[in-house]
Amino acid sequence: MGLAIAAAWPVHQAAAQQVAGDGAPANLQLDPVNVTAERRTENYNNVPVSATVLNADTLETLSPSGQDIRVLAGKVPSLNIESSNGRTFPRVYIRGYGNTDFNTYASQPVSLIYDDIVQENAILKGFPIFDLQTVEVLRGPQGSLFGRNTPAGVIKFNSFRPVLGATDGYASISYGNRDTTNIEAAQSLPLGQEWAIRASILGEHRKDWVSVRSADPTNLYNGTDTEGYDDGAARIQLLYQPTADFNALFNVHARSLSGSARVFRANIIKKGTNDLVDGFDIDTVSSNGKNQQNLRTQGANANLSWKFGDVSLHSITGYETIGRYFTRGDIDGGDSTNTPFPVETGGGVTDHKQLTQEFRLASEIPGPFSWQTGLYYFFEDLTAENYTYNSSTGAPTSYATTSQKNNAYAVFGSLNYDLNTQLNLRGGVRYTNDQKTFTKRLGFTDPGATKLGGSKVTGDVSGTYKLDPDLSLYARAATGFRGASFGSPSSGQALTSARPETTTSFEVGVKSDLLNKRARASFDVYHFDVRDQQLTAVGGGSNVTQLVNAARSTGEGAEFNVEALLTEQLSASLGASYNHTEIKDPSLSVAGCGSGCTVTNQGVPGRPGFFFINGNALPQAPRFITYATAKYTMPIANGDLSLSGDVSYRSRINLFLYESVEFTGKSLVEAGLRLAYRWGDGRYEAAAFCRNCANQIRVNGAIDFNNLEGFINDPRTFGVQFRVNWI
């Protein structure tokens, strides 16, 4: 297991005062990197958890392009993110381990935690990236201190928080092609000696840039445009700190999105290959369905901390709600001239609330021994709706509603002991009880409630051995689980469910600071074993989605990262990961495509159209991810001029549980460049940028039921940005 440090374009450097023997400043060093993987702030060298920490500079470099959380895919080892729902419902994969399910109730084995509050529903996971101090990617099971639904890992978003007496802030505006506009600002203010506030806002816009051009004269949407959005979010944080022994942080946030659902494109894959068809045009589609998406979310949380001598008490209360979510699209991606039959659907959330409460006690005793223990409660109540439409008239033809309630509670604890100055031992355990009730309501002939539930003990044990102050070896064994899940029923598919899945993981690695802390490197190897893995069989000729359990799946691989200050002006980083996943269930079969694709798996005797998937890789699991970054800065005209660049590579991916020639996503190389001029002691910055500069277009997702249909990655974005900072 390794801890790969931030692949950051801008890298903070200490001021040069003395010159070392190699000609570089003696105190030119990388900034320390801290993680909160153990619910405390610790230096990464001391924490035996495989993680990547992206800092604010890195996130600022990515943000002007208008992309959402998917922009992080491939920017750290073993991380992939995709979505068939546009700017909502991201699906996250760590080490090839994730969930392709797009059902409203879908659970994921990667948990997303925003300002210490879990965002359980995948719709909430799409909250925009802005005014963040760090993003932590924690790889491997986190079943001790973070709990259920973390067997693959955790992504933690940590906002900049208010500080007593602080008056800092910034404003940024960028504009690019397709009218891509990003406006972002934040301001901290003191409110007396005991109070402080920080307000942050974000506004993003892109025009509708994909035109509907159809040969069908009856197409209601011929000549319209789609694929645009207006996305806004705001966050207000209020800090109350009357003494050194108590502080309270209150957080209120909201998001409003209006725009298009993901654009599906009919017949864009050349039969017998995984190439795009000749003459493919990213700017046009032949869709004959309405494309729209609207989302409103709100939330609030309170994080209270008391210190009582040698013990601290923490209370974290969170409330999240999806006020309204609706998405509608042309599922077949075409019209009457190029698809066998039209399918237009819509759906979303009509009511949702999530409540979480954690109480945690932690030792504050200086010395070799420390501990934490606590209680956790989770409640979610969600009601979803589903429509089908007549594409000739645009009128709805069916309507159904369902609901799900989820109650879970947990008891947890962990110990940390320095056996001596070189060896640190850690361990944790967690008991979780998880219960779900699913109810079919309108639109079903057999309405009623069905229950799933169970309990599980998970935990971890690890050790870190310091060969010297700058070189550490570590090992970790950990378990995790994902609670039982329901798959949403439809007119063509009954309610399906999946048993809880359990994961066991083993990791070993090395971390090192090099060249008098001018460089750092990490390397790890791992193996995980999943029992009863929940998989989603999507599509097929009947276009249904159902949950299944694979008896077993495994993964193993390695991760590497190095970053360095090569000179006072030049910084660089290089990282890579190898992930091999495999489904191991000789009896498990799923339906193949209904679109005439070339399935390469063995067919099931007596069941035409079904195929065994034993030995297949997990879907959306690239075997290789590599990335490199560099930044060169030079003084010029009362300021400095910098050129930064990055390139990432993701190997091919399997889009479904079965393997086929057409539905294998090709490898993807994406590059970014940024030229920036700063002046006024760093207060002002003007920049030009591009993302996916080479405009490499790939099919990164598909729908397989009636044509060779797919959706693509974001095309090239370029533009200019201006930013001002103040203190």
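Some points to look at:
- In region 110-127, the residues that are among the polar types (S, T, N, Q) and in a strand (DSSP E or B): SER111
- Counting only residues that are over 15 Å from GLY606 (Cα atoms) and at pLDDT below 95, region 580-596 holds 4 of them.
- Among residues that are closer than 20 Å to ALA234 by Cα, assigned to a loop (DSSP other than H, G, I, E, B), over 13 Å from the mean Cα position of the chain (by Cα) and touching a residue at least 12 places away in the same chain (Cβ under 8 Å), PHE130 is included.
- One residue from ALA261, ALA215, ALA196 being over 27 Å from the mean Cα position of the chain (by Cα) and farther than 16 Å from SER159 by Cβ: ALA215
- Within region 483-501, residues that are under 25 Å from ASN433 (Cα atoms) have Cβ atoms under 7 Å from residues that are at pLDDT below 85 and of a type in the set (S, T, N, Q) in these pairs: GLY487/THR545, counting only partners at least 6 apart in sequence or on another chain.
- Qualifying residue in region 388-401 (condition: more than 30 Å from ARG476 (Cβ to Cβ) and in contact with a Lys or Arg (Cβ under 7 Å, 6 or more places away or on another chain)): yes
- One residue stands out among those in region 494-549 that are of a type in the set (Gly, Ala, Ser) and closer than 21 Å to GLY143 by Cα: the one that is surrounded by the most Cβ atoms within 10 Å (Cβ to Cβ), which is SER505.
- Residue list for region 439-462, restricted to those being buried (at least 18 other Cβ atoms within 10 Å of the Cβ), of a type outside the set (A, V, I, L, M) and either touching a helix residue (DSSP H, G or I) at 6+ places or on another chain (Cβ under 7 Å) or under 20 Å from THR503 (Cα atoms) (or both): LYS456, THR458, GLY459, ASP460, SER462
- Selected residue [under 30 Å from PRO32 (Cα atoms) and either in contact (Cβ under 8 Å) with a residue 12 or more places away in the chain or of a type outside the set (Phe, Trp, Tyr) (or both)] from GLY603, GLY645: GLY645
- Residue in region 678-687 that is touching a Gly at 6+ places or on another chain (Cβ under 6 Å), on the phi < 0 side of the Ramachandran plot and in contact (Cβ under 8 Å) with a residue 12 or more places away in the chain present: yes
- Options THR421, THR432: the member that is out of contact with any Pro (no Cβ under 7 Å at 6 or more places or on another chain), assigned to a loop (DSSP other than H, G, I, E, B) and of a type in the set (Ser, Thr, Tyr): THR421
- Residue within region 129-151 that is farther than 21 Å from ALA498 by Cβ, among the hydroxyl-bearing types (Ser, Thr, Tyr) and either at pLDDT 95 or above or surrounded by fewer than 24 Cβ atoms within 10 Å (Cβ to Cβ) (or both) present: yes
- For beta carbons closer than 6 Å, sequence separation of 6+ or different chains, a first residue in region 689-701 that is more than 20 Å from VAL538 (Cα to Cα) and a second that is among the basic types (Lys, Arg) and buried (at least 20 other Cβ atoms within 10 Å of the Cβ), the qualifying pairs are PHE689/ARG674.
- Filter result for ASN416 (closer than 25 Å to ALA478 by Cα and out of contact with any strand residue (DSSP E or B) (no Cβ under 6 Å at 6 or more places or on another chain)): no
- Residue check for LEU79: at pLDDT 95 or above, under 29 Å from VAL47 (Cβ atoms) and under 12 Å from the mean Cα position of the chain (by Cα): yes
- Among the residues listed as SER63, SER107, SER84, the single one being hydroxyl-bearing (Ser, Thr, Tyr), in contact (Cβ under 8 Å) with a residue 40 or more places away in the chain, touching a strand residue (DSSP E or B) at 6+ places or on another chain (Cβ under 9 Å) and not in a loop (DSSP other than H, G, I, E, B): SER63
- The residues of region 133-159 that are farther than 19 Å from ASN433 by Cα and either touching a Cys at 6+ places or on another chain (Cβ under 9 Å) or part of a loop (DSSP other than H, G, I, E, B) (or both), listed by number, are GLY140, ALA152.
- Note on region 624-668: residues that are out of contact with any Gly (no Cβ under 8 Å at 6 or more places or on another chain), closer than 29 Å to VAL277 by Cα and charged (D, E, K, R) total 2.
- Residues in region 551-574 that are part of a strand (DSSP E or B), among the charged types (D, E, K, R) and either at pLDDT below 95 or crowded, with 19+ Cβ neighbours inside 10 Å (or both): GLU559, GLU563.
- Residue check, ILE282 in contact (Cβ under 8 Å) with a residue 12 or more places away in the chain, touching a Leu at 6+ places or on another chain (Cβ under 6 Å) and under 24 Å from PRO342 (Cα atoms): no
- The residues on offer are ALA362, ALA395, ALA400, ALA410, and the sole one that is within 30 Å of PHE326 (Cα to Cα) and either modelled with pLDDT of 95 or more or surrounded by fewer than 18 Cβ atoms within 10 Å (Cβ to Cβ) (or both) is ALA395.
- Pairs are defined by a Cβ separation below 8 Å, a sequence spacing of at least 6 or placement on different chains, a first member in region 565-582 that is closer than 30 Å to GLY96 by Cβ and of a type in the set (Val, Ile, Thr), and a second member that is modelled with pLDDT of 95 or more and buried (at least 17 other Cβ atoms within 10 Å of the Cβ); the pairs so defined are THR581/ARG95; THR581/GLY96; THR581/TYR97; THR581/SER553; THR581/GLY555; THR581/ALA617; THR581/LEU618; THR581/ALA621.
- Among residues of region 302-326 being among the polar types (S, T, N, Q) and more than 11 Å from ASP245 (Cα to Cα), the one that is nearest to the chain's Cα centre (by Cα) is THR321.
- Residue tally, condition surrounded by 16 or more Cβ atoms within 10 Å (Cβ to Cβ), among the hydrophobic types (A, V, I, L, M, F, W, C) and farther than 26 Å from GLU380 by Cβ, over region 285-332: 2
- Within region 285-313, the residues that satisfy the criterion of being without any contact (Cβ under 8 Å) to a residue 60 or more places away in the chain and either touching a Phe, Trp or Tyr at 6+ places or on another chain (Cβ under 6 Å) or at negative phi (or both) are GLN292, ASN294, ARG296, GLN298, ALA300, ALA302, LEU304, SER305, ASP310, VAL311, SER312, LEU313.
- Any hit, region 461-473, residues being more than 29 Å from the chain's Cα centre (by Cα) and among the aromatic types (Phe, Trp, Tyr): yes
The values are calculated or read from the model by the stated rules, or taken from the named source; none is laboratory data. In this text the structure is predicted, and so the values were computed from the model without any measurement. Counting neighbours? That spans all protein chains shown, and the Cβs are built from the backbone with ideal geometry, glycine included.
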